Amino acid sequence: MSTEERLSEIEYQKKRMELNQRFVEMYEDEISYILEQKEDIEAMERLSDEEARLLEEESRKYNRIFARIFYDSAGGRVSDEEFFPLWEREEEIRQGLSRIHSLEGEKKQIEKEISAQGEEEVELKKKEKEFHGKFINRRAYFISMLVMALTGAGLCAAAVLYFEIALTVSLWPVAVAVLGAVMILLILRARQHKAADRKKMYQMVRSHKETSVRRLQSEYDTIVNDLEFCQEKYQVLFGYISEEQWKLFEFCAKVAAELNCSEELMVQRASFVSAMEKCGMRAPKAWCYYPKAIYDIPKRINRMEWLSRRQIICEQAMVQHERAIRNNLLA
């Protein structure tokens, strides 16, 4: 493995470790959110009669206002049980979906760029190889001609000395031969330099292409990791949302907009959250989406069981990513 390949592999492994760390932090936050709600449920069991009565009154008022607006807006297309999970994470879901679509578009674009750069790099390698061959051949011609010229000059000098040919008789033929040989050598030298320069130019351009491809590959790896993070987040954290609920997401978003624009509901929500805070609840805003669980014991039990199942799923997923981090460190 070359140094560049080794550095690329190190960078890739670093990004994978960062991705696994992001997953761990995401699941830690989700588990913390779940535990806060479970602690609230346990705290509800220990409330005084006055506190329990306060929470029940506030939650019933809030639920009555919610139900009136919701059923008018929903028109029976979706139940409140199906609507609450989507309403609770609506903004997060919307931003996540937008992010996934954006990343998928960026991924396709970079794949096209990498493919185009790769094709250009292959063509440049062919050109570089072609001019490298020309450089070798022309250098061989130059060296051969130089050896022939030197040999000819030596033979001429030996002939003049051996046969005692008059210098005036041999000067002009020798001068013409030397001049011709020098001109041929200069032409061959120029052609050799030209081939070397073209080879160097293609080598520099190919090196630039390789750098561009490595940069694009690094961006591609980052996008793939971000996309994997978003996709797993939806598969695990929002895995409880059914296919039917996903199909109704846009409709539910419209219903949620009407609820969020209701001044009456927002006023009662603030009062409800304030009462929850006074009673020491750790996640008061979370119960705005499950107000019936405050005063309906069976629904409270169901909510506790649901939270426990989600906690187990998140803990199992977190353990897998923690194991991946340890394996990366040991590798």
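The values are calculated or read from the model by the stated rules, or taken from the named source; none is laboratory data. Worth saying up front: this structure is predicted, and the values here are computed from it rather than measured. Quick reminder, even Gly has a Cβ in these numbers, built from the backbone with ideal geometry, and neighbours come from all protein chains shown. Calculation scope for accessible area: heavy atoms of the full protein, side chains included, ligands and nucleic acids excluded. Shrake-Rupley method; radii C 1.70, N 1.55, O 1.52, S 1.80 Å.
What the table shows:
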{"read-out": "Pairs from LYS38/LYS254; LYS15/LYS285; LYS233/LYS285 whose Cα-Cα separation, in the structure shown, is over 32 Å", "value": "LYS15/LYS285"}
{"read-out": "Inter-label distance for GLU51 and ASN327, nm, one decimal - labels placed 7 Å from Cα along Cα-to-Cβ", "value": "4.6"}
{"read-out": "Accessible area in the full protein assembly, largest first, 1.4 Å probe, for TYR71, TYR295", "value": "TYR71, TYR295"}
{"read-out": "Between region 90-120 and region 214-292, the alpha-carbon center distance in angstrom", "value": "23"}
{"read-out": "Hydrodynamic radius by Kirkwood, which averages 1/r over all alpha carbon pairs of region 211-319, in angstrom", "value": "17.7"}
